[in-house]
Each structure stands twice: as C-alpha cells, then as structure tokens.
Amino acid sequence: MNRLEKQEGVYYTQNIENLPIEERVFFREGKGVSATNEYYRVATAQEVEDWLQWQKELEEKMELE
C-alpha cells in the first residue's frame, strides 16, 4: 500500500471509472488507512478542470438563491 503523498500541482481522486464529476472527491494528500493508490489515483488535468468549473457553477448558483 503506497500512501498518497502531497505533490505540487497534483490532485487525487477515486479510482472508479465513469464516476460523475459532481460525485468525485479531489484532494492533495491522502491520510488514513484507505488513502492508498489501491482506491485513489492521480486525477487527470481534464478532471481537475471539470471539477473546478463545476465548483464555480455551484458557487454562482448558490449566490443567486
């Protein structure tokens, strides 16, 4: 089991295919028993971009309410 160490510019996400961006978690450093490369992987640049865009849209929606 390899721990997910903090790396500059790297986000990790679940190692599950076809999981929608709004259901994914993204983090920079894994802590705890299950935070290993068995369950998580380095997120692609496109996934991170999509996630940041989704967060922005969610924040804008919340401001309008």
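When Rg and the Kirkwood radius Rh are both evaluated on Cα atoms of the chain, their ratio Rg/Rh stands at 1.04.
A simple rule links phi to the HN-Hα coupling: the Karplus curve 6.51 cos²θ - 1.76 cosθ + 1.60 with θ = phi - 60°, which for region 49-65 gives 4, 4, 5, 5, 5, 4, 4, 4, 4, 5, 4, 5, 5, 5, 5, 6, 7 Hz, with x for Gly and Pro.
Per atom type, the chain shows carbon and sulfur on 48% of its accessible surface, probed at 1.4 Å. Neighbours of Glu63, meaning other residues whose beta-carbon lies under 13 angstrom from its beta-carbon, give a summed charge of -2 when Lys and Arg score +1 and Asp and Glu score -1.
The values are calculated or read from the model by the stated rules, or taken from the named source; none is laboratory data. Everything numeric in this text was worked out from a predicted model, so none of it was measured. Neighbour counts run over all protein chains shown; Cβ positions are idealised from the backbone, glycine included. Just so you know, the surface numbers come from the protein's heavy atoms only, side chains and all, with ligands and any DNA or RNA stripped out. Shrake-Rupley method; radii C 1.70, N 1.55, O 1.52, S 1.80 Å.
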